[in-house]
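Encoded as structure tokens, the structure appears first; notes follow it.
Just so it is clear, none of the values below were taken in a lab; they were calculated from the coordinates. Computed from a predicted structure; not experimentally measured. Using ideal geometry, Cβ is built from the backbone for each residue, glycine included, and neighbour counts are taken over all protein chains shown.
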Amino acid sequence: DSGVTQTPKHLITATGQRVTLRCSPRSGDLSVYWYQQSLDQGLQFLIQYYNGEERAKGNILERFSAQQFPDLHSELNLSSLELGDSALYFCASSVGPRGRGEKLFFGSGTQLSVL
Amino acid sequence: LAKTTQPISMDSYEGQEVNITCSHNNIATNDYITWYQQFPSQGPRFIIQGYKTKVTNEVASLFIPADRKSSTLSLPRVSLSDTAVYYCLVGEGDNTDKLIFGTGTRLQVFP
């Protein structure tokens, strides 16, 4: 158990809908990272927050948004969903702001299926 | 920016040593190189991390040449349970905090 909690584990929805994925980092970790992994694909970096502030941004679609709350949990909001958004979404956490030189601890992911 | 690239797949037999190389020619001067292991439908799990030369822990070794533009993960005496996808992870460059995974190497270990 990595200590990172992601909910829900599975999500099935329809095209055009909006969903929210939730992540609770390990106790004491201030950074949260979101990654997307499509079927048989690698891990694509979406966004990172550190202590509530956006720290780095990857190829995140405009239909997607995220935030980190004062209690350090994070939510990833996906709207106007398309079939191609179906993927495994991972959250990871680390202690510091930069990630470099640190271990990232990953949750078990949320499997999103858009039908 | 150049991608971080790895061989797509590798096959091995139990008991053999496996070496997986990652090319990261855009690595930042202050960046570390980290390797993760991923099983199907699970989140990646930390294996080893290094900055230069050689690092060894209880499960693997990491070799980093002087120019740091590549790294090699070495798994001694693999077993069937080492069948997984292995990723290297580096920062995207000097002026960003993006952490980018390599393309991943699918290792299949046979009995």
Original post:
Considering only DSSP states other than H, G, I, E and B, which GluC sites (Glu not before Pro) in the range B:15-111 qualify as loop sites with at most 13 other Cβ atoms within 10 Å?
Top reply: B:E17, B:E58
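Placing unit charges on C-beta atoms (Lys and Arg positive, Asp and Glu negative, everything else neutral), compute the dipole magnitude of the range B:63-111 about its Cα centre in debye, rounded to 20.
Charge dipole of the range B:63-111: 200 debye, to the nearest 20.
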Original post:
At what distance in angstrom do the alpha carbon centres of the range B:15-35 and the range B:38-111 lie from each other?
Top reply: 6 Å
Subject >> Residue among B:A84, B:A66, B:A28 with the largest mean-square fluctuation in a Gaussian network model of chain B, springs linking Cα atoms under 10 Å >> reply: B:A66
**OP:** Sort A:H10, A:H73 so that the residue with the fewest other Cβ atoms within 10 Å of its own Cβ comes first and the one with the most comes last.
**Re:** A:H10, A:H73
**OP:** Using the number of other C-beta atoms within 10 angstrom as an exposure proxy, rank A:R18, B:R106 with the fewest first.
**Re:** A:R18, B:R106
Original post:
How about the range B:1-93: which trypsin sites (Lys or Arg not before Pro) there are in a DSSP loop, with at most 15 other Cβ atoms within 10 Å of their Cβ?
Top reply: B:K3, B:K52, B:K69, B:R77
Original post:
Based on DSSP, what percent of beta bridges with both residues in the range B:9-110 are antiparallel, to the nearest 5?
Top reply: 85 percent
Original post:
What is the average number of partner chain Cβ atoms found within 10 Å of a Cβ in B:75-88?
Top reply: 0
Subject >> Reach of A:K57 by Cα under 16 Å, taken over lysines that are not fewer than 8 positions away in the same chain >> reply: B:K98
**OP:** Return the average number of partner chain Cβ atoms within 10 angstrom of each residue Cβ along peptide A:103-115.
**Re:** 3
**OP:** Round to the nearest 0.05 the FRET efficiency obtained for A:T13 and B:S41 when R0 = 25 Å and r is the Cβ-Cβ distance.
**Re:** 0.85
**OP:** Could you size up the charge dipole of the range A:1-106 around its Cα centre, putting +1 on the beta carbon of Lys and Arg and -1 on that of Asp and Glu, and report it in debye to the nearest 20?
**Re:** 140 debye
Subject >> Estimated vicinal HN-Hα couplings, Hz - the range A:83-91 in sequence order (Karplus 6.51, -1.76, 1.60; Gly, Pro = x) >> reply: 4, x, 7, 4, 5, 9, 10, 10, 10
Subject >> Shielding by partners, peptide B:31-42 (average Cβ within 10 angstrom, other chains) >> reply: 3
Original post:
Mind listing the phi-derived Karplus ³J(HN,Hα) values for the range B:31-44, rounded to whole Hz, using 6.51, -1.76 and 1.60 with θ = phi - 60°, and x for any glycine or proline?
Top reply: 8, 9, 10, 10, 10, 10, 10, 10, 9, x, 6, 10, x, x
Subject >> Dipole magnitude of the protein assembly as shown, debye to nearest 20 (Cβ charges: Lys/Arg +1, Asp/Glu -1, about Cα centre) >> reply: 180 debye
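Please compute the net charge surrounding B:V85, taking Lys and Arg as +1 and Asp and Glu as -1 over other residues with Cβ under 13 Å from its Cβ.
Details: positive: B:R45, B:R106; negative: A:D40, B:D82.
The answer is 0.
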Original post:
Once the dipole of the protein assembly as shown is set up with Lys and Arg at +1 and Asp and Glu at -1 on Cβ about the Cα centre, which of B:C22, A:Q44, A:G58 lies farthest towards its positive end?
Top reply: B:C22
